[in-house]
Every structure is written in structure tokens, then in C-alpha cells.
1. Report the label-to-label distance for Asn135 and Glu195 in nanometres (one decimal), using points 7 Å from each Cα along the Cα→Cβ vector.
2. So what J values fall out for segment 112-122 if you push phi through Karplus, 6.51 cos²θ - 1.76 cosθ + 1.60 with θ = phi - 60°, rounded to Hz, Gly and Pro as x?
3. Quick check on my link table: of Lys119/Lys328; Lys11/Lys158; Lys11/Lys295; Lys123/Lys198, which ones sit more than 30 Å apart, alpha carbon to alpha carbon?
4. Return the FRET efficiency for the residue pair Ala228, Asp155: r is the Cβ-Cβ distance, R0 is 22 Å, and the value is rounded to the nearest 0.05.
5. For the chain, what is the relative contact order in percent, using Cα pairs closer than 8 Å and at least 6 residues apart in sequence?
6. For every helix of n ≥ 4 consecutive DSSP H residues, a contribution of -39,500 (n - 2.57) applies; sum these over the chain, divide by its total residues, and give [θ] at 222 nm rounded to the nearest 500 deg cm²/dmol.
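Since every read-out is calculated from the coordinates, none of them should be taken as a lab result. This is a predicted model, so every value here is computed, not measured. Here the Cβ is made from the backbone with ideal geometry for all residues, glycine too, and neighbour counts use every protein chain on show.
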Amino acid sequence: MQKPAIQDLLKTRILVLDGAMGTMIQRHKFSEADYRGARFANYPSPLQGNNDLLTLTQPEAILAIHRQYFEAGADIAETNTFSSTSVAMADYHMQDLVYELNVEAARLAKKAADEYTKKTPDKPRYVAGSIGPTNKTASMSPDVNDPAYRAISFDELKDAYYEQIRGLIDGGADLLLVETVFDTLNAKAALFAIEAYKEDTGRDIPIMVSGTITDASGRTLSGQTAEAFFISISHIPVLSVGFNCALGADQLRPYVQRIGAIATERYVSAHPNAGLPNEFGQYDQSPEEMGALIKPYIDEGLVNIIGGCCGTTPEHIKVIAELIAGAKPRAL
């Protein structure tokens, strides 16, 4: 379906990213049998918790989640592929499924996006291929007794990301979102893979990059400040840069301000959590409470793309979509 380039829309308005996929999946309370479906009924490893696998075993549930977010006002849906790399899927011995997982996840999100673009042609919907950080870090040792040891190499990460990217684009993703970056070296491997894919295929793909500030130190897990994080990836012509996860909207705002102050030629994104988790790991912040904390992002012109991460639902995204109606985007 023909749509304007997302770059053109960002010049005129703030775009809304969807909310948490995992939070919505939890609402279904899927059992081990649900995760397995008929296809993996006799699989030798436990599969409950492998949310990306639900793309293949519970596709209607994933499609319904995308539809709910678009109905709430999202302009961009993320694919259900946060862990769909051979590195992360090794935990379930499912590395061979990576390409299929990414193709099918992008296809489902695209189906919903096309449905809603057809309904409201003046509000086209887009699919962002979600590329998570994996469960390994390239710049730090997991062994305190061997600081030089690395659980994975840059080239291994790059190859894993390339396979994911190929699947996402083949499935119909409009852009790629390298998100929840806790180790910038991992992100650089993903960005290197995207650049290699672009060179191999001659296709230009818009790229969003979103880091995560892990605690009150204001740094990523690998020790970088907001400014250092941006400078480390600034050689890549990314569409947007920003932060997500780990913090709620109020705690995240200073870092979004800081990155916006130096990323003067890039769009800025933010998708914070619905506050901080309680002692049970649940998020209690209501859509209205989160909306009140998001409002300064809009009033101060901090963002071009805004959405939600852990704990957010279509109800949260609906409030955010109402907030940004008619608001001016951050100027480059």
C-alpha cells in the first residue's frame, strides 16, 4: 500500500509509537501448551515465556494486539521480534526459526497497518522492525575473574542481526528500530549489519535507535552518558535517536532533553515505561498519570516520536495520541 515517506510526516507532526507487546501478551495468560501450539507440541525444550514464538503459534493474538494499538491512535507498530535473533533464540534452541519469526512478525504488523491505513488514509500507519539488544554484551565480561573475556564477538552479533534484518524487511517492515540499547557496541553491530544490508540490496531503510538509561547514574549499562551514546552512533545517518525502557516518563525526561540538545540534525524519540515496577514487577501507573508526565515532553517540544514501553497498554497510547493532537513537533 502506497504511503508517504515517514520522514515527510515527521516534518509536520509528532508520531505515536505503540506500547508494550509483553504487557499485552501477559493479559492472555498463555500456558505452555499455548506457546507450543500444534506445531511445537512435542518440542524437547520448555517454550513458555518465548513471546516471539507466539507470532507462529498464536498469530491471531499478536495481530489483535497490533490492531488495538492502531485503534488507540498509534502511527507506528513494533514487530513482535525483540528477541528474534539467533543469539537470543539459542535459549530455546530455536536458532533455525529466526528468519521465519521475523518475516511472519513483520507480515502480521503490516497486515494491521494496511487495514488502518485504508480506514484512515490521512493517518498512514507504519511498521518498525524491533531489534532488541540480545542477552549478551559485546563490551563487558560476564566473568568477574576474567575481565578480557567476551561471551560474544562483534562479528557474531553482526551476522545475527543481519539475518534478523533480512527477515524483517522481507516481511514488509517500513523502518528498523534498534531499541533498548544497554551496550552501544551491540547497537553498533546492528547498525553495521543494517548498513551492510543496504549496501548488498541497494535499499534505503529508515533507522530509529533507542538507548536505555539503566539507573539514576544517568548512564547506559556499558557506562555511557546520553551524549556519549549519541556521539558513538552519530556516524550513521539514523532517522531518530532517543531512549526507552528502564525509567518512567518523569525520570527519563532529563535524558531526552540532553540527547535532543546535541542531536540537532536528528529526530528524537521516547517511549518510557508506565512508571517504575512495584515489588511484584507490575506497573501501576494509570494512563492518566502517565499522560500528565508525558505532557511536558509535548509542551517543551522535546520529541518527534512518542510512545510507551513496559507496562503501557492501548489505554496509555490513546491518552498519548490525544495529547499530541495538533501539537508542534520538535524542530531540527
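1. Label at Asn135, label at Glu195, 3.0 nm between them.
2. Once rounded to whole Hz, the list reads 5, 4, 5, 4, 7, 5, 5, 5, 10, x, 6.
3. Where the Cα-Cα span goes over 30 Å, the pairs concerned are Lys11/Lys158.
4. That gives a FRET efficiency of 0.40.
5. Details: 676 pairs, mean separation 63.2, N = 332.
Relative contact order comes out at 19 percent.
6. One gets -13000 deg cm²/dmol as the mean residue ellipticity at 222 nm.
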